[in-house]
Amino acid sequence: MSTKRNRRARGAALVLVLALFASGCSSDDEGDDPTEKGRAPGLDEPRVAQVPLVATVGKVTGKLPPKRRTQAVTTVGRTVDTWFEAAWVGGDFPRRSMKGSWPGFTRDLAAQARHDRTLTSNAQLAGRIDEVTVVRRTVKVDLLGASKRAVGATARFRLVFDTDGDARRRVTVTGRLTLSPVKGTWRIFEYDVARSARAVPASRKDN
Amino acid sequence: MRRLLSRTALAAVLSATLLLVPNSSVSQTDATLVKVQRAQGVDLSPDVVWILALGSDARPGQNVLRSRADAIQLVGINSRTGAATAIGMPRDSWVSIPGHGSNRINAALYFGGPQLMAETVKGLTGVEPDYVMVASFMGLRNMVTAIGGITVNSRHAFSDPYLRPQGFKVGKQHLGGLGALAFSRVRKSLPRGDFDRSANQQETLQAIHRQVKARQDQPGFLDKGTLAVMQHMDARVPPKELFRIARAVAAVRSDRITHCVVNGSIGNIGGASVVLPYVDQARRYGNDARKDAVISHC
């Protein structure tokens with residue numbers, strides 16, 4: 001019976017709709033790199049995310065109590081969403097600089113990501129657009145548990161957004177971020193990001 | 001020792017390229033051809049990590065950290081470039097063991113545990129391991145079983161009346177945990193004995209890498225492998241560190257793997273047959289690979 005209850009509780013916890021505020025979710029997630037401490041231009045002003053992040057529990061390996069799962073998914077989801085905002089959809093457009101796009105990344109990884117900025121941020125379009133409309137943002141978090149604690153997380157994500165301005169595109173960013181817990185927060189130490197862009201669907205254009 | 005040598009790691013022998021299935025889609029209304037672009041990166045400080053992978057001959061009930069090392073592979077991983085290399089050392093290599101004179105290299109584990117083993121390997125290759133990983137026979141067997149077996153490409157047909165009576169054929173063959181263990185242990189029926197066995201151990205590592213590569217996109221697969229390491233091996237590295245190591249190893253690119261075996265001549269010391277390793281060659285491998293985990297040629 002308790003197992004069923006746990007399952008129900010877990011089921012309820014599986015879908016965590018994180019209505020995140022762009023300004024309120026990144027205070028402890030600054031990248032290790034001093035250059036990452038600056039926020040993306042325009043991110044200092046509070047604004048409600050257009051489409052909230054949907055974070056769910058994926059595969060859990062090892063022992064991890066339901067409460068810890070929920071905590072981990074919430075925090076990991078917040079970390080990923082902070083990157084979504086800082087690198088892809090947040091800030092004022094047109095945006096010339098991608099500085100501050102990799103909060104939550106380890107120092108060395110942020111340097112690699114900066115090198116790959118055309119794929120780890122919106123650098124390809126940011127300077128030619130006036131507006132971004134988020135269509136979807138989801139993350140499914142696989143967790144590794146040991147001694148009833150989460151010791152690693154793999155965030156499989158999908159971010160879809162439309163751009164407006166000189167470049168009108170529907171951009172889809174998918175992939176995987178791998179994180180480990182560091183001093184009460186989570187740090188991204190690996191990324192595998194795929195980006196594709198196409199014309200904005202006709203139904204969207206009509207809106 | 002330089003860093004975490006006091007901590008003995010049973011780090012994952014998981015190697016793979018991170019491959020993401022391109023998420024291409026074609027809009028029905030726009031009929032646009034979508035080109036998916038990808039970027040990958042992993043941070044495991046330092047960029048190049050050296051893991052001394054040991055196969056212990058400890059029997060059930062014996063201490064794997066104070067037995068003799070049957071398999072000795074020094075594995076380097078470059079998390080920035082995705083390169084990896086392995087330097088194999090025949091277990092009968094006659095070397096200097098700090099504080100214990102000269103002896104077979106595999107005795108260093110028995111005399112002084114993983115730390116002395118690492119110091120001894122450093123003396124031969126010039127490369128100081130960051131981690132030492134010790135797997136018992138059962139540990140390797142269970143690890144291979146946990147990932148669904150491996151496919152090895154054998155260069156020789158060979159067998160062993162006890163470990164593998166049916167033998168191994170030349171070419172590709174799928175092995176379970178027990179088969180992988182035999183493939184890595186059999187020596188006598190191989191043309192070059194200990195040298196070929198060391199090469200087979202490297203083939204086993206590479207086969208594990210291929211298997212991981214084939215399945216790594218399955219959610220939880222790498223975590224399962226990491227958990228298997230924690231359960232079946234004597235891991236003295238914090239789990240979250242093991243998790244990071246496993247990911248870095250998994251990021252190794254299959255086209256950037258190099259491996260060599262330290263050769264030597266056969267000698268006789270005190271009536272026992274030993275390998276007199278070519279120290280210059282071992283040093284050359286170490287110097288070549290130290291900074292980038294690449295051996296230019298064997």
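The values are calculated or read from the model by the stated rules, or taken from the named source; none is laboratory data. From a predicted model like this one, the values you see are computed outputs, not experimental measurements. As a convention, Cβ positions derive from the backbone with ideal geometry for all residues, glycine included, and neighbour counts pool all protein chains shown. All accessible areas refer to the heavy atoms of the entire protein, side chains included, with ligands and DNA or RNA removed. Shrake-Rupley method; radii C 1.70, N 1.55, O 1.52, S 1.80 Å.
Is it the case, given these coordinates, that residue A:27 is out of contact with any Gly (no Cβ under 6 Å at 6 or more places or on another chain), at pLDDT below 90, open to solvent by 70 Å² or more (accessible area, probe 1.4 Å) and assigned to a loop (DSSP other than H, G, I, E, B)? The answer is yes for residue A:27. Please specify each residue of the range B:137-159 satisfying the condition of being out of contact with any strand residue (DSSP E or B) (no Cβ under 7 Å at 6 or more places or on another chain) and at pLDDT 95 or above. B:155, B:156 - these are the residues of the range B:137-159 that are out of contact with any strand residue (DSSP E or B) (no Cβ under 7 Å at 6 or more places or on another chain) and at pLDDT 95 or above. Hey, could you check the range B:48-81 for residues that are more than 25 Å from residue B:252 (Cα to Cα) and aliphatic (A, V, I, L, M) and say which is most open to solvent (accessible area, probe 1.4 Å)? Out of the qualifying residues, it is B:64. Looking at residue B:121, is it part of a strand (DSSP E or B) and open to solvent by less than 40 Å² (accessible area, probe 1.4 Å)? Considered against the rule, which asks whether it is part of a strand (DSSP E or B) and open to solvent by less than 40 Å² (accessible area, probe 1.4 Å), residue B:121 comes out as no. Residue A:56 falls short on exactly one of the conditions (1) open to solvent by 10 Å² or more (accessible area, probe 1.4 Å); (2) more than 14 Å from chain B (Cβ to nearest Cβ); (3) touching a residue at least 40 places away in the same chain (Cβ under 8 Å); (4) not small (Gly, Ala, Ser), and that condition is (2). Candidates in the range A:151-163 are the residues that are buried (at least 23 other Cβ atoms within 10 Å of the Cβ) and at the interface with chain B (Cβ under 8 Å from one of its Cβ atoms); of these, the one that is farthest from residue A:58 (Cα to Cα) is A:151. Restricting attention to the range A:80-112, the residues that are surrounded by fewer than 17 Cβ atoms within 10 Å (Cβ to Cβ) and of a type in the set (Gly, Ala, Ser) total 1.
Among residues of the range A:186-207 that are modelled with pLDDT of 85 or more and among the β-branched types (Val, Ile, Thr), those with a Cβ under 8 angstrom from a residue that is open to solvent by 10 Å² or more (accessible area, probe 1.4 Å) and part of a helix (DSSP H, G or I), sequence gap 6+ or separate chain, pair up as A:193/A:119. If I filter the range B:265-285 for residues that are among the charged types (D, E, K, R) and either in a strand (DSSP E or B) or in contact (Cβ under 8 Å) with a residue 60 or more places away in the chain (or both), do I get at least one hit? The answer is yes, given that some residue of the range B:265-285 is among the charged types (D, E, K, R) and either in a strand (DSSP E or B) or in contact (Cβ under 8 Å) with a residue 60 or more places away in the chain (or both). Only one of the numbered conditions (1) open to solvent by 10 Å² or more (accessible area, probe 1.4 Å); (2) of a type outside the set (Val, Ile, Thr); (3) assigned to a helix (DSSP H, G or I); (4) modelled with pLDDT of 95 or more is violated by residue A:4, and that is (4).
Being under 13 Å from the mean Cα position of the chain (by Cα), at pLDDT 95 or above and among the hydroxyl-bearing types (Ser, Thr, Tyr) narrows it down to one residue among A:82, A:70; which is it? Unique residue meeting the criteria: A:82. Out of curiosity, is residue A:146 at pLDDT below 95 and at the interface with another protein chain (Cβ under 7 Å from one of its Cβ atoms)? Here the answer is yes, as residue A:146 does meet what is asked.
Within the range B:167-184, the set of residues being open to solvent by 60 Å² or more (accessible area, probe 1.4 Å) and either modelled with pLDDT under 95 or in a helix (DSSP H, G or I) (or both) comprises B:178 only.
Of all residues in the range A:92-102, none are out of contact with any helix residue (DSSP H, G or I) (no Cβ under 6 Å at 6 or more places or on another chain), more than 14 Å from chain B (Cβ to nearest Cβ) and in a helix (DSSP H, G or I). Residue selection: residue A:130 satisfies the criterion of being among the charged types (D, E, K, R), in contact with an Asp or Glu (Cβ under 6 Å, 6 or more places away or on another chain) and part of a strand (DSSP E or B).
Selection of the range B:210-237 for residues being more than 13 Å from chain A (Cβ to nearest Cβ), touching a strand residue (DSSP E or B) at 6+ places or on another chain (Cβ under 9 Å), assigned to a helix (DSSP H, G or I) and under 26 Å from residue A:181 (Cα atoms) yields only B:232.
Report, by residue number, each residue of the range A:164-207 that is within 8 Å of another protein chain (Cβ to nearest Cβ), of a type in the set (D, E, K, R), touching an Asp or Glu at 6+ places or on another chain (Cβ under 8 Å) and within 21 Å of residue A:72 (Cβ to Cβ). Across the range A:164-207, the qualifying residues are A:176, A:190.
If I ask for residues that are open to solvent by less than 10 Å² (accessible area, probe 1.4 Å), β-branched (Val, Ile, Thr) and under 30 Å from residue A:180 (Cβ atoms), which ones from the range B:238-278 would you list? If the condition is that a residue be open to solvent by less than 10 Å² (accessible area, probe 1.4 Å), β-branched (Val, Ile, Thr) and under 30 Å from residue A:180 (Cβ atoms), then B:245, B:249, B:252 are the ones that fit.
Residues satisfying the criterion are absent from the range B:82-91 (criterion: without any contact (Cβ under 8 Å) to a residue 24 or more places away in the chain and either open to solvent by less than 40 Å² (accessible area, probe 1.4 Å) or not in a strand (DSSP E or B) (or both)). All of (1) crowded, with 22+ Cβ neighbours inside 10 Å; (2) under 26 Å from residue B:44 (Cα atoms) hold for residue A:115 with one exception: (1). Residue B:74 meets each of the listed conditions (1) among the aliphatic types (A, V, I, L, M); (2) more than 24 Å from residue B:267 (Cβ to Cβ); (3) assigned to a strand (DSSP E or B) apart from (2).
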